[in-house]
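J.: My questions all concern the structure below.
The values are calculated or read from the model by the stated rules, or taken from the named source; none is laboratory data. Note that the structure is a prediction, hence the values are computed from the model and not measured. A quick note on method: Cβ atoms are made from the backbone with ideal geometry, for glycine too, and the neighbour counts reach across all protein chains shown. Protein only, heavy atoms only, side chains kept; ligands, DNA and RNA dropped before computing areas. Shrake-Rupley method; radii C 1.70, N 1.55, O 1.52, S 1.80 Å.
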Amino acid sequence: MAARKLKVIVTRKLPDPVETRMCELFDTELNVSDKPLTADELVDAMGRADVLVPTITDRIDSRLLSRSGDRLKLIANFGAGVDNIDVATANARGIIVTNTPGVLTEDTADLTMTLIMAASRRIVEGAEVVKSGGFHGWSPTWMLGRRLWGKRLGIIGMGRIGQAVARRAKAFGMQVHYHNRKPVSPRIAEELGCTYWESLDQMLARMDFISVNCPHTPATYHLLSARRLKLLRPHAIVVNTARGEVIDEGALANMLAKGEIAGAGLDVYEHEPAINPKLLKLPNVVLLPHMGSATVEGRIDMGEKVIVNVKTFMDGHRPPDRVIPSML
């Protein structure tokens, strides 16, 4: 007799190849409409599923987990971050949590460099001028930006994505600096030619560009606080493709509006999908709709990671991408 297939409930629309494979392997319930589930709908799904496949837009906190019942055994997050899930509470209830690390590195690093270039060279601003009919010919002093070559880039968080950003920045002739919980290995440091700063404050005061590439944890909430943002040089540009909560968005908006910081490139926001209204009005800010991992290849790779984690769990083994509280 064939073993019972796990009941898997997916909270959002995933790429077709991923959904097709999940339906072949599991008793899968899809969200064809792609409408985000309400809190009550999430609780209902957790009560009926062996495995829940949520995304970063699904807030699975201790209150929801306390109502999940006893059937749910695995939360296979479709995303590298797990700050949308109360991992400690899930672990205490015997629910395994997994994520999809490693497959978004190159895509997110590409977009980080895109934002660095767009903010420094006023790409979006220039494109809007052309589309609105405001381009009347070349001028030697019009639409001036800043070159990347020779500038100092300070990377906050030197994990996979931070290192991938550093490789790209080095190719553009930038001097790479970084702040991390600990220095990278001597081999990586030599490859990247990077400078380590134990003190984030000291690094911030010396950089031309800042790239946020660390996860959102209790320790990194408002890591770039109002106090730290004031350490930046007036010509500095801040780029964030990690998590919005790492930056005090209100303080950043105020400083940009006053010209105390030259510019910013943001793909994520503190109260996403809401964005500080001040940011929407500023010409020196490039705003994107959380699209760091938005490539066909990246999203399919994420789905394949989810499938491997669920299939491994179904076969009675430890999922390869399990997340435990001590990792956060």
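J.: May I ask you to list pairs of residues, at least six apart or on different chains, whose Cβ atoms are under 7 Å apart, with the first in the stretch 60-71 being open to solvent by less than 40 Å² (accessible area, probe 1.4 Å) and the second being of a type in the set (Asp, Glu)?
T.: From residues that are open to solvent by less than 40 Å² (accessible area, probe 1.4 Å), the pairs are ILE60/ASP86; LEU65/ASP86.
J.: Further, regarding this structure: Can you name every residue in the stretch 142-201 that is in contact with an Asp or Glu (Cβ under 8 Å, 6 or more places away or on another chain) and assigned to a strand (DSSP E or B)?
T.: ARG152, LEU153, HIS179
Okay, residues lined up against (1) among the charged types (D, E, K, R); (2) in contact with a Phe, Trp or Tyr (Cβ under 7 Å, 6 or more places away or on another chain); (3) open to solvent by less than 30 Å² (accessible area, probe 1.4 Å); (4) modelled with pLDDT of 95 or more:
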{"residue": "MET1", "(1), (2), (3), (4)": "no, no, no, no"}
{"residue": "GLU24", "(1), (2), (3), (4)": "yes, no, no, yes"}
{"residue": "ASP50", "(1), (2), (3), (4)": "yes, no, yes, yes"}
{"residue": "VAL53", "(1), (2), (3), (4)": "no, yes, yes, yes"}
{"residue": "ALA76", "(1), (2), (3), (4)": "no, no, yes, yes"}
{"residue": "GLY81", "(1), (2), (3), (4)": "no, no, yes, no"}
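J.: Across the stretch 22-59, what is the number of residues that are under 23 Å from ALA294 (Cα atoms) and either in contact with a strand residue (DSSP E or B) (Cβ under 7 Å, 6 or more places away or on another chain) or in contact (Cβ under 8 Å) with a residue 12 or more places away in the chain (or both)?
T.: Number of matching residues: 16.
J.: When you check ALA242 against the structure, is it buried (at least 22 other Cβ atoms within 10 Å of the Cβ), in contact with a strand residue (DSSP E or B) (Cβ under 8 Å, 6 or more places away or on another chain) and part of a loop (DSSP other than H, G, I, E, B), yes or no? Before you say what the answer is, go through the steps one by one.
T.: Values: buried (at least 22 other Cβ atoms within 10 Å of the Cβ): yes; in contact with a strand residue (DSSP E or B) (Cβ under 8 Å, 6 or more places away or on another chain): yes; part of a loop (DSSP other than H, G, I, E, B): yes.
The answer is yes for ALA242.
J.: Now for a different question. For residues that are crowded, with 16+ Cβ neighbours inside 10 Å and either under 18 Å from ASN99 (Cα atoms) or without any contact (Cβ under 8 Å) to a residue 60 or more places away in the chain (or both), tally how many sit in the stretch 273-286.
T.: Of the residues in the stretch 273-286, 3 are crowded, with 16+ Cβ neighbours inside 10 Å and either under 18 Å from ASN99 (Cα atoms) or without any contact (Cβ under 8 Å) to a residue 60 or more places away in the chain (or both).
J.: If you go through the stretch 267-280, how many residues are in contact with a helix residue (DSSP H, G or I) (Cβ under 7 Å, 6 or more places away or on another chain) and either part of a loop (DSSP other than H, G, I, E, B) or closer than 20 Å to ARG121 by Cα (or both)?
T.: If we filter the stretch 267-280 for residues that are in contact with a helix residue (DSSP H, G or I) (Cβ under 7 Å, 6 or more places away or on another chain), which is where we start, we get 267-270, 272, 276, 278-279.
Checking the rest, the ones that are also either part of a loop (DSSP other than H, G, I, E, B) or closer than 20 Å to ARG121 by Cα (or both) come to 267-270, 272, 276, 279.
Number satisfying all stated conditions: 7.
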